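Read-outs throughout are calculated quantities, based only on the coordinates presented, and are distinct from any laboratory measurement. On a predicted model such as this, the values are computed, not experimentally measured, just so you know. As a convention, Cβ positions derive from the backbone with ideal geometry for all residues, glycine included, and neighbour counts pool all protein chains shown.
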Amino acid sequence: MSFQQGVQTVLLIGANGQVGHALKSAGADINTPFEWHATTRADLDVSNFSAVKDLVRTLKPNWIVNAAAYTAVDKAETEAQLAQRINADLPHTLAVEAQALGAAVVHYSTDYVFDGQAHSPYTEADQPNPQSAYGRSKWAGEQAVTAHCEKHLVLRTCWVYGAHGGNFLKTMLRLAQHKDSLRVVADQWGAPTSADLIARTTLGMMHVCDSSEHSPWGTYHVSASGRTNWHAYACEAIAQAKRLGLVTRLDAEGIQAIPASDYPTPASRPANSCLNTDKLATVLGHPLADWHNGVQDTIQELAASGWRHL
């Protein structure tokens, strides 16, 4: 990658999360001329907007990458105000500060901004209609960024996982080490998308926006190619993990497919979380990798790290 403006300062907020952690790793691996300033919960309270503003005004970054989010989907139903503060008010603050500096904002959003009732993958032109407090807070955050910062990338994704942090994939592998059977929802569809894929796609879009005469700012869908449901995803992950010796007890035959109605949750989940990524592929010049590839890479990373002993 080559960047026209030379070394640029990037303020990464939420570096302890799945995507934030992957961004730090990808930035080091790809050798981009970015000077990263990463913050975690330990050194920045993202609900303290005075501290956030002070940091931005002191650092004066070229880019603000907001990987911080309130992601407790069910808990948000009773903590809607806190979810709104982190998922909407924080992005609003960052967007206003970035605009004042002439900086760019990268902000991550979610398939939960849609109602999940469409019969085909959602495009960026489809009207959001969130059905949960979490989804509403994320949609409000998107609107704040697009309204208050001209140079913005809003990247919607779905079913995020990685070797770092907690996620569905690692939960399934843990349970498969100790359970004789599992019941997993089979009528909700999406594309498992690795944090690593999101991070590398983010850097690719930053490169395009920096090197193009007419930077393609806007909202994009970022998800792995293909589609599956939670049950098929769990079966695939456990089968791969068994081949590597990560799981020795449960196999795919012990995983029962159930309807979402048999697993009620406080927050509504989209039945269709599939995102159309044609717009992104056109800008980058290539489609994103199939979801199977990311799952395989992550399980191999877990095996290499000795995850089964944790």
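Could you list, ordered by first residue, the pairs with Cβ atoms under 8 Å in which the first is in the range 277-289 and more than 16 Å from PRO216 (Cα to Cα) and the second is among the β-branched types (Val, Ile, Thr) and assigned to a loop (DSSP other than H, G, I, E, B), at least 6 apart or interchain?
Short answer, once both residue conditions are applied: PRO287/THR277; LEU288/VAL222; LEU288/THR277.
Give the number of residues within the range 280-310 that are assigned to a helix (DSSP H, G or I) and closer than 19 Å to SER25 by Cα.
So the count comes out to 13.
Report yes if some residue within the range 270-279 is surrounded by fewer than 16 Cβ atoms within 10 Å (Cβ to Cβ), among the β-branched types (Val, Ile, Thr) and part of a loop (DSSP other than H, G, I, E, B); otherwise report no.
Taking every residue of the range 270-279 in turn, none turns out to be surrounded by fewer than 16 Cβ atoms within 10 Å (Cβ to Cβ), among the β-branched types (Val, Ile, Thr) and part of a loop (DSSP other than H, G, I, E, B).
Can you name the residue in the range 87-137 that is in a helix (DSSP H, G or I) and of a type in the set (Phe, Trp, Tyr) and is also farthest from the chain's Cα centre (by Cα) among such residues?
Filtering first and then ranking leaves TYR134.
Would the range 137-144 turn up any residue that is in contact with a Gly (Cβ under 8 Å, 6 or more places away or on another chain) and over 19 Å from TYR263 (Cα atoms)?
no
With ALA199, ALA234 as the choices, which residue is of a type in the set (Gly, Ala, Ser), within 19 Å of ASN293 (Cβ to Cβ) and in contact with a His (Cβ under 9 Å, 6 or more places away or on another chain)?
Just a single option satisfies the conditions, and that option is ALA199.
Mind listing whichever residues of the range 138-158 are over 13 Å from ASN87 (Cα atoms) and either assigned to a helix (DSSP H, G or I) or out of contact with any helix residue (DSSP H, G or I) (no Cβ under 7 Å at 6 or more places or on another chain) (or both)?
Matches in the range 138-158: THR146, ALA147, HIS148, LYS151.
Among residues belonging to the range 192-223 that are more than 19 Å from THR298 (Cα to Cα) and aliphatic (A, V, I, L, M), point out the one that is surrounded by the fewest Cβ atoms within 10 Å (Cβ to Cβ).
VAL208
Would you kindly identify the helices (runs of 4 or more DSSP H) lying entirely within the range 159-250 that contain at least 2 residues that are more than 14 Å from the chain's Cα centre (by Cα) and farther than 29 Å from ILE64 by Cβ?
168-178, 230-243
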